[in-house]
Amino acid sequence: MNREIITNNDPKSPVSEIFRTLRTNIQYMKRKDNTQSILITSTVQGEGKSFIASNLAVTFAQAGKNTIIIDADMRRPRQNKAFETQMYPGLSNYLSGVDLDRMKRKLKFEDCIYQTQVENLWIMPSGNIPPNPSELLQSSKFSDLVKELEEKFEIIIFDGAPCLAVTDSMIISRLVDHTVLVCAQNFTKIDDLKQVKKLINQVGGNIAGVVINKAKFSKKRLEYSYYASNNGLVSSKSRHQKDDYLNFKTSHEKSENVKNRGTHKSATIKYNNVNWASNDSKKTIDETYKKNNEKSNDKDNAISKNAGESNKKLDSQNKDVGNSDNTEDKSSDKINEILKQIKEMKDSSK
């Protein structure tokens, strides 16, 4: 499939997320029954309407909607190249009744549609380039085709021709539910956009909104995408965590984050019985494990030293208590001796 189908080739990119936002906005518009028909057009050539139409169709199909995209730009067809399908028989062949051999015959609807590589998505290419596209679109057969498509598909997307160049898209806008205008940043003229809006309103079309294509965003703005992308950007926080940190477990099932300023990607590694990512990674683990053991030994030695000092203090306190007890015993002996002498003196005086 062509690389311009970003929503299929890289569904997690920021651009794909923007198309899903556009899909959601269209889904919640007022609709009839369970079917929506949408015309994608622009003011002039080169604004990217075919790119918007194809990627929007893919997002609807990815959401489980039975979707078909009609390449109604029969002057400069593009969708058959985007989805890599054959170009004819297609829309022009069905409406004109002229097959590949330019022989008139009645073509069936099923003969002009093809299944794409995307599930739930079908395509009706433009077919052979006719000399009178506007007349074919104004025919009753085209109106009947739109009704038949609404019976068989939930989402019908028309890729129409630019409005200021030809009247093809204005004819289609009368028959569909919504018309989406595509403009390009620093390319589309505001007066042209106003003119197209006026023309579509005059024929009874319903303009759902405007899509600004080719808008320039800073790289920093796209960094904070919620989803990681295969080809896109990853948020700065996730990128630093991925490149700068190495998660591992020791043999004692202790988990810690080790700063790794090398070029190794993040990995979960056990200290023993593992397949190492590289010799540098193993060396980093060994050094860290050795430092952790040294720190724990230093802590144990410090605790032992503090315990020894505490025991010495207790011994000295006990010794002081013992000395005070001896002093008290000696003083009591002296008092008893003095009392004995006083008693003997009283007895001798008698």
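The values are calculated or read from the model by the stated rules, or taken from the named source; none is laboratory data. Owing to the predicted nature of the structure, the values given are computational and were not obtained by experimental measurement. Cβ sites come from the backbone with ideal geometry, for glycine too, and all protein chains shown count toward neighbours.
Looking at (1) surrounded by fewer than 21 Cβ atoms within 10 Å (Cβ to Cβ); (2) under 28 Å from the mean Cα position of the chain (by Cα), which is the only condition Lys152 fails?
(2)
Output yes when any residue across the range 14-36 is closer than 21 Å to Leu137 by Cβ, touching a residue at least 12 places away in the same chain (Cβ under 8 Å) and either assigned by TED's automatic domain parsing to the domain that holds Pro125 or surrounded by fewer than 18 Cβ atoms within 10 Å (Cβ to Cβ) (or both), and no when none is.
yes
Based on this model, can you work out whether Gln195 counts as surrounded by fewer than 15 Cβ atoms within 10 Å (Cβ to Cβ), in a loop (DSSP other than H, G, I, E, B), touching a residue at least 40 places away in the same chain (Cβ under 8 Å) and not small (Gly, Ala, Ser)?
no
Would the range 96-108 turn up any residue that is of a type in the set (Ser, Thr, Tyr) and farther than 25 Å from Ile26 by Cβ?
Yes - at least one qualifying residue is present in the range 96-108.
For the range 67-74, indicate whether the set of residues that are modelled with pLDDT of 95 or more, of a type in the set (D, E, K, R) and in a loop (DSSP other than H, G, I, E, B) is non-empty.
Yes, the range 67-74 has at least one match.
Could you grab me the full set of residues in the range 38-55 that are of a type in the set (Gly, Ala, Ser) and either surrounded by 21 or more Cβ atoms within 10 Å (Cβ to Cβ) or in a helix (DSSP H, G or I) (or both)?
Correct list: Ser42, Ser50, Ala53, Ser54.
Of (1) within 22 Å of Val98 (Cα to Cα); (2) in a loop (DSSP other than H, G, I, E, B), Leu164 satisfies all except one. Which?
(1)
So that you can scan it fast, the table gives a plain yes or no per residue for (1) under 37 Å from the mean Cα position of the chain (by Cα); (2) of a type in the set (D, E, K, R):
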position	(1), (2)
Pro77	yes, no
Ala82	yes, no
Asn93	no, no
Cys112	yes, no
Asn128	no, no
Asp144	no, yes
Ser173	yes, no
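Would it be correct to say that Asp73 is among the charged types (D, E, K, R), under 22 Å from Arg174 (Cβ atoms) and surrounded by 13 or more Cβ atoms within 10 Å (Cβ to Cβ)?
Yes: the conditions hold for Asp73.
Look at Ala63 and say whether it is modelled with pLDDT of 95 or more, on the phi < 0 side of the Ramachandran plot and crowded, with 23+ Cβ neighbours inside 10 Å.
Taking the combined requirement at face value, the residue does not satisfy it.
Please go through the range 24-45 and pick out each residue that is at pLDDT below 95 and not polar (S, T, N, Q).
Ile26, Tyr28, Met29, Lys30, Arg31, Lys32, Asp33 - these are the residues of the range 24-45 that are at pLDDT below 95 and not polar (S, T, N, Q).
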